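Read the structure below first, then the notes.
The values are calculated or read from the model by the stated rules, or taken from the named source; none is laboratory data. Predicted model, so just to flag it, every value in this text is computed and none were measured. Cβ: placed from backbone, ideal geometry, glycine included. Neighbour counts: every protein chain shown. Surface accessibility is based on the protein's heavy atoms, side chains included, excluding ligands, DNA and RNA. Shrake-Rupley method; radii C 1.70, N 1.55, O 1.52, S 1.80 Å.
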Amino acid sequence: MEILIISGLSGGGKSRAASFLEDMGFYIVDNMPAGMILKFAEFCSAGSGRYNRVALVYDVRTADTFDEFLEVLSTLRQREYNCTLLFLEANVDTIIKRYKETRRAHPLAEEADSLEEAIALERRMLAPLRARADKIIDTSNLSTAKLKGVLRQMFGRAGTSEGRMEVRVTSFGFKHGVPMEADLIFDARFLPNPFYVPELREHTGLEAPVRDYVMAAPESRELLRRLFELVDFLLPLYQEEG
């Protein structure tokens, strides 16, 4: 069983990371008290495999001190769980900018005279967790797509489709409208149309006679060659951008 504990500074990107990890197959639990983590881990490990990958978000909102949590973390690591502590952070300027954009209050706002002081206070409080972290991500200069890519590299399971790009190729008729979910659209109406060949009209593009008729044209083969070149160039760049 894999247990990932997500912690870090408020505004550091924990919520975004949790949503990406959920897409990668993790079961997400936000702000579970330290005293309940061991019981929850036992419950998950005794299940049918539905909770084999669990991510718990744990931060300054959950407890006044982190002594109990650090004890729980040690216990989890001593047992047969694959336990990882992920710590997300960002520089002060970035966190202030994010709070201005969201207009949310910092969880320690009432304990400090300014947002900058609240961030500094939280950084000191979370220092013991950061020191015990297995992985630390500074999200200051990471776009949403880049953060997703970093998490995929860290926690994506080899040999599975989790976090990998999915490409769907769909044919359609313009008289039915352009597919709403399409990202790239190629107009192939200049190619030979088998509809106007009486013996092919009642057949579909899944049948060899229709396929052979269309692909016998030099422009069909040239279009296919150029499309492959274009897609081979684009897909790695799309994947890198997330």
Check your understanding: Would it be correct to say that Glu2 is out of contact with any Cys (no Cβ under 7 Å at 6 or more places or on another chain), closer than 23 Å to Gly156 by Cα and modelled with pLDDT of 90 or more?
Key -> yes
Exercise for review: List every residue pair whose Cβ atoms lie under 8 Å apart, where the two residues are 6 or more positions apart in sequence or sit on different chains, the first residue falls within region 165-191 and is aromatic (Phe, Trp, Tyr), and the second residue, located anywhere, is assigned to a loop (DSSP other than H, G, I, E, B).
Suggested key: Phe172/Val178; Phe172/Pro179; Phe174/Asp187; Phe174/Arg189
Exercise for review: Look at Lys100 and say whether it is out of contact with any Leu (no Cβ under 8 Å at 6 or more places or on another chain), more than 30 Å from Asp67 (Cβ to Cβ) and without any contact (Cβ under 8 Å) to a residue 40 or more places away in the chain.
Suggested key: yes
Practice item. Test Ile95 against the stated conditions and say whether it is among the β-branched types (Val, Ile, Thr), more than 18 Å from the chain's Cα centre (by Cα) and under 30 Å from Glu240 (Cα atoms). Key: yes
Exercise for review: Can you confirm whether region 183-201 contains a residue that is touching a Lys or Arg at 6+ places or on another chain (Cβ under 8 Å) and open to solvent by 40 Å² or more (accessible area, probe 1.4 Å)?
Suggested key: yes
Revision key, fill the gap. Pairs returned, first residue in region 31-54 that is closer than 25 Å to Ser15 by Cβ, second residue that is of a type in the set (Gly, Ala, Ser), beta-carbon separation under 6 angstrom, 6 or more apart or interchain, are Arg53/Gly25
Study note, to complete from the structure: Over region 129-154, the set of residues surrounded by fewer than 18 Cβ atoms within 10 Å (Cβ to Cβ), within 14 Å of Leu85 (Cα to Cα) and in contact with a strand residue (DSSP E or B) (Cβ under 8 Å, 6 or more places away or on another chain) is Arg130, Arg132, Asp134, Lys135, Ile136, Met154
Review point. Being of a type in the set (S, T, N, Q), without any contact (Cβ under 8 Å) to a residue 60 or more places away in the chain and not in a helix (DSSP H, G or I), is that true of even one residue in region 149-159?
Key: no
Practice item. Identify the single condition in (1) under 24 Å from the mean Cα position of the chain (by Cα); (2) assigned to a helix (DSSP H, G or I); (3) small (Gly, Ala, Ser) that Ala131 does not satisfy, given that it satisfies every other one. Key: (1)
Revision key, fill the gap. Contact list, first residue from region 216-242 and without any contact (Cβ under 8 Å) to a residue 12 or more places away in the chain, second anywhere and surrounded by 11 or more Cβ atoms within 10 Å (Cβ to Cβ) and not small (Gly, Ala, Ser), beta-carbon distance below 7 Å, six or more apart or interchain, is Arg221/Met215
Revision key, fill the gap. Scanning region 197-234 residue by residue, the ones that are part of a loop (DSSP other than H, G, I, E, B) and not β-branched (Val, Ile, Thr) total 11
Practice item. Take Asp67 and decide whether it is in contact with a Lys or Arg (Cβ under 9 Å, 6 or more places away or on another chain) and modelled with pLDDT under 95. Key: no
